[in-house]
Amino acid sequence: MSSENNFPWRPDEGHTLWWEEQDEIYSADTIAATISQASTAVACRVYTNLELLCAHLCHLPPYSQRKQREWLDHMDINILSETRVDDLSTLLTTTAFNQLLLLESTTGKISRQEAEFMYALLSRDILIDIKSTEEEIIKYFRQKCGDNDADINIVDEFEEYYDPINVIFWYTRDTFLYRLLNKALREQDIDTLYLLRYFIRDLHLQIRKRHSAQQQQQLALAAACVMNDNTTTINTNNERIATVYRGQLMSNVEFDRKIRHNINGYFSVSSFLSTTVHENLAREIYAGNRSNGSSDTTAVEQSILFRIDIDLHINKFPYANISAESAFDDVEGEILFTMGSVFRIVSVHLNEDGDYWNVILKLTDEEDKELRILREFIKSDTVEPNPLESLVRLLIGMGRNKEAERYCLTLLDNLTFTCNLIDLASVFNNLGFIYQALSQYKKAIEYFERTLEIMLKYSLETETSAATVYNNLGSIYNDQGEYDESYTYYTKAVETELNMTSPNQRAIATYYSNIGNVCNVQKRYTEAIEMLEKSVEIRLKVLPANHPDMGTSLINISQVFNALGQYEKAINYLKKAFENNFNSLPPDHPSLSIIRNNLGQLYHRQGKFKEAREMYERSLEIQLKVFPADHPDIAWTYNNIAAMYGGDGDSTEALEYYHKALQIELHSLPLNHPDIAATYNNLASLLQERGNCEEALMLYEKALQIWLIALSSNHPQVALCYSNISSIYSEKGNDDKSMEYLNKALQIQMTSNGPEDHPDFAPIYRNLGRAYYAQAKFQNALEMFEKALEIWVKVLTTNHMTLALLYADISLVYDSLGEYDQALEYLKKSLETSQDSCSEICSGFAAKCNQLGTVYYKQGKIEEALELYEKSLEIQLKVLRQDHPNLGACYGNISQVHSARGDYDKAIEYLNQSLGIQLNSLHPSHPSLAVTYNNFGLVYYNKGQLEIALEFYDRSLEIQLNVLSSNHPDLATTYNNISLVYCACRDYEKAAEYLNKTLQIKLSSLSSDHLEVATTYSNLAAALYGQDNMTEALHCVQRAYDIHIKILPSDHPELLRNINWIKRIEDELVSTQQNVD
C-alpha cells in the first residue's frame, strides 16, 4: 500500500530568482570569430573592462603555470536521455480509473527527457540562490584536503587570489576543485554541491556575462559586414551556425542507450560542458582514438567525437569562448557551456576506419513539453522565499530524506527564520514528514503535533493548514498498522479542508486517496473504490498526466485489484505507475522500489519466479541506498526475498532473510503491527516444511494474536492463519482440530466483502478437499477441489505447478469413487501441466514434482511417478547442497518405486542414500526418519527378511511414540506394518494385537465409515481367521463390507472381495458346525 503525505506548499510571492537577473557586460571576447576560424587562427583578446584586465594581471598567482589537464578517460559530464518503457495493453472499463490508465503522452518517446535532468536543474537553481561566502567554501576545502600538502597549497592560493572574475581560470585549472565539482555534478551529490554553491554561482554568472558580451559583439560584427557588403565572413540570412567538438570515451551500454539508439532524441547535460574549436584535439586526445594505440581504451568502451552545431540565434543556454581566461590559454580554444544545456542528436555513425563514432549534435531551445509543465508544477510546489526551505522541500519530493533532515535542522536553528510562526510550523511539518519517511514514528508524531498546536492556537489558515497535519498524522498511524485511528484522522483532514475558504483540490484528492487505502486494507472494497475514484477525478482535472501524484493513484488502484485477486489488472496499473514515476521522479526514488516490490509479489503469485526475483533485487538496491538500515520497507523486501528462497527449497537462505526482516520490524514497528504478524506467519510456514511443527504452531498463534488485534476477527489474513494452523493439526493427526480451523477460515472468507472467486479462497478450498479426502468424504472433497480449480485457472499461468498438483488431487478422488475415466483424464492434465512447467529449474519446482510423483505412486502409476521423482532429483542435485533434506525425501520416494517394481536391492540403495542425508541434516527424532525406517521395514518384509524388517519397524515406532500424538495416523501405519510381519511369521495373536491398536487409532481419528477403517477391519479379519476365530473374523469382514457399500460404487472390486471373503468364512463356519453336530 502506498500512503500519501502532504507537506505545505506556498506560492512564489514575487521572489526574484537568480536566472531572472540582468547582468552587466564585462567582456567583448567573441565566440563566433574564434569558432569560424577554428583550425587557422585564434581571436585577438580585447579587454573593455578594467576589472577583467586586472584579474589577469594581478589576481592570479604569478608563478602559476598553465598546462593541459590530463585527459579524462571516462565521462566527466552527466548525460541524460530518454529511456524507453514498454507500452501497456488497455483495460476495457469506463471508470475514472480507466481514464487514468489510458492517459497517453503527447510527447513522442524519442523526444522525452529524463526526470533526473529536471531535478538537477531545479536543485541547481535553488542551490545557487542560497547565500554563501568565500570563507565557507575555503573552510570546506581545508577539511576536504586533510594532510595533502599539494592540495593545501592550492587552497592557500585560492584564499589569496580568488575573485569571481577569475572563476573560469580556477575551474579550468587541473586541481582537486575541478574533479570534485564535476564528480558532484555527475552524481548529483547535493551535499557537495551545497558546499560548492559559492563557486558554482560565480562560474555560471561569468559564463552568462561572457556569452552576452560575445553575442553583442557578434551582432556588431554582422552589422559591420553588412555595411561593407562582406558576406563571406558572417552569413546574416538566419544561417549563423558555428561548430565545436568534444572527444569522449563512453561505455558500450551507456553509448547504446543514450546516444546510438536515441537519434532525434535529446542529449541533456546537467553539468558544465567543455568543448573545443579544434576537431583534431577533441578526436586524438580526448576521444581516445583507437588508432593511436592508447592503452587506456578497452573493449567495453567506445571512442566518441561529438560535433556540436550551434545556431547563434539560440540564447537559451549560455556558452562562451573562455580561451582568454582558461588555464590552458589559447591552446585548446575552449568553449564552455553552462549547466543545463540541451542538444538534439542529429546523427550517429562510425568513421571509415572504425576508430571512433561521429555523433552530430545541435544546440536547441526545444525541450520535452510535458516535462516542462511538470517542472513548473514542482517548482511552484517547492520554491519558497527562503531558498534553504525550497531545498528541503525539493529533497523531500525527490525521496532524499536523509539530506532533507540535515538542511531542515539547519533551518530550524535559524532563529531569524523561525521567529515567524508560519515558517516555524512549516519546518515542524517538514520534519514530521521526513521522520515518517525514515520510519522514526515517535519523532514524526511529535513534530506533526507541534505543527498542529501552532495552527490551532493561533488560528493560522495557511497552506500549512490543520488539514495537512491531520492527514500526516493519519499516515503515521496507517504506517503503524493502526487503521481505525488512521481513518479518523484522514476523515478529519477532508472535513477541515472542505471548511476552508478556498479548499485545496489537490490536497482533497490526497485525503480521499488515503481513505481509500485504509478501506482497502480493511477489506471495505466498495468504500475504497469510491474514495479512490473521487481522488482520481480531481487529479485528472488539476494535474498534468505525468505528475507523480498520478503514479500514486495508479499504485493505489492496483492494490485494490490485487486485494480482489485480479492480478493481471493490478499488474497493468503497476506498469503504468512505473512508467509515470520513471518519467517524473529520480531513478532512486522510494516510490519506484514500492512499485517493483508490488510487481514482484504479483509475479510470485503467478509463478513467474524469475521476474519476481528481479523486481525484489532492484527494489532492495534502491532501499539500501535511500533508507536507514532498519527501515520497515527493507524488512518488507527481505520478507519477499525469503519467500522466493523458500519456494526454491533453500530454507537456510530463507530463514536468514526472515530473521533479518523480523529483527528490523521488532526494532522499528509497534509489537502488534500486521507486518510483524506476516513475518511470523511466513517463518512458521518455513519451519513447518522443515518438520518443526511445534515452533511453527507457536509462531502461527503469535501471528493470529496480532492480526486479531490490528485487523479484525473476520479479516482474510486471519482466515489465512486459521488455514495454516489447521495444516499443523492435520500433520499431527488431529483431524477434528484441523477441520475446526479450516471451517473458521472458510467462514471468514464466506462472510467477507470480497468476491467469491478471490484467490485467498483457493488454498482453503484445497485444504478442505484434502481433509475431506482423508476422511473418505469423496464427494465433499471433489466439491472443494473444483472450487479451488475454478479460482486458480483465472489467476495462475496454465502451466503452473499448483494446477498440476490440484489436477492430481482431483484424479485421486475420482479414482477412489471408481470413476476411472475421469481419474485418467485429470491425471493426464496433471502430467501435461507438469511437463510444461519443466522450464522452471528451481528446487521449488522440484519439490512439486516430488509431490506429484507421490500422487501417481498412490494411484499405481509407478512409471510416471519414477519419471517425476527423477526429474525432481536431477534439479535438486543442481541447486541444493548435497545434504539437503529434500534430496533425502526424493531418494526415499525413488526407493518406493523400485520396491514396487520388485527391485528390492535398488530400493535399499536409495533408502541408504536417503538415510545418510537425514542423519546428517535432521534431528535424531525427526518424523521423517521414522518414515524412512518404515520404508526399510517394508522392503525387507517384501524380501522375506522378517527379523530385519521388524527391527526397522521398531526404530520407526520408537521415534513416533516420542514425537507424535497417541492417535496419529502414522502410528497406525507402523502398527499395521508390524502386524503384517507377525502374520507372515504366523504369530496371529501378535498380529491381531497390533491390528487392534491400529483400529483404535483409526476409529479415534477418522469417521467410523472411513475407507481406511474398512481396510483395517479386513486385515484384522485375516489375523483372526489365522487364529481360527471365525466368528470375530466374519464380524470384521462384514464391518468392512458395510463401509465399502456406502462409499464405493456397486461394481468396485473391493466389494466383490468382501462378498467372496464373507461367503468363504460362512461356509467354513457351517462346515465346522456340521462337523460338531
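Points worth noting:
- Legend: ranking of residues 857, 119, 319 from fewest to most surrounding C-beta atoms inside 10 Å; resulting order 857, 119, 319.
- Working ranking of peptides 444-450, 588-594 by packing, defined as the average number of other Cβ atoms within 10 Å per residue, highest first, is 588-594, 444-450.
- Relative contact order of the range 796-920, taken over Cα pairs closer than 8 Å and 6 or more residues apart, is 19 percent.
- Simple point charges give the picture: +1 on the Cβ of Lys and Arg, -1 on the Cβ of Asp and Glu, and for the range 1008-1077 a dipole about the Cα centre of about 140 debye.
- Segments 762-774, 406-418 sorted - mean Cβ within 10 Å per residue, highest first: 762-774, 406-418
- Overall form of the range 622-677 per C-alpha gyration tensor (a/c, 1.5; a/b vs b/c): oblate
- Extension reserve of the residue 409-residue 756 stretch, reckoned as 0.36 nm per residue once the Cα distance is removed: 119.7 nm
- Which listed pairs, of 787/1046; 258/541; 457/492, have C-alpha distances above 28 Å, in listed order: 258/541
- In this structure, residue 315 and residue 264 have a Cβ-Cβ separation that, at R0 = 22 Å, corresponds to a calculated FRET efficiency of about 0.40.
- Pairs spanning more than 18 Å between alpha-carbon atoms, out of 828/858; 523/702; 777/997; 442/702: 523/702; 777/997; 442/702.
- Residue exposure proxy: 679, 382, ordered by other Cβ atoms within 10 angstrom of their Cβ from fewest to most, comes out as 382, 679.
- Put in order of Cβ neighbour count within 10 Å, fewest first, the listed residues 784, 1030, 500 become 500, 1030, 784.
- In this structure, residue 153 and residue 453 have a Cβ-Cβ separation that, at R0 = 60 Å, corresponds to a calculated FRET efficiency of about 0.65.
- Packing-based ranking of 650-660, 165-175 yields 165-175, 650-660, ordered from highest to lowest mean Cβ neighbour count within 10 Å.
- Distance-filtered residues of the range 1051-1065 - backbone nitrogen under 19 Å, label point 7 angstrom along residue 1073 Cα→Cβ: 1060-1065
- For the range 484-567, the Cα gyration tensor yields ellipsoid semi-axes of 21, 17, 8 Å (square root of five times each eigenvalue, largest first, whole Å).
None of the figures in this text is laboratory data; all of them are computed from the coordinates on show. These figures come from a predicted structure and were not determined experimentally. Every residue, glycine among them, receives a Cβ derived from its backbone with ideal geometry; neighbour counts consider all protein chains shown.
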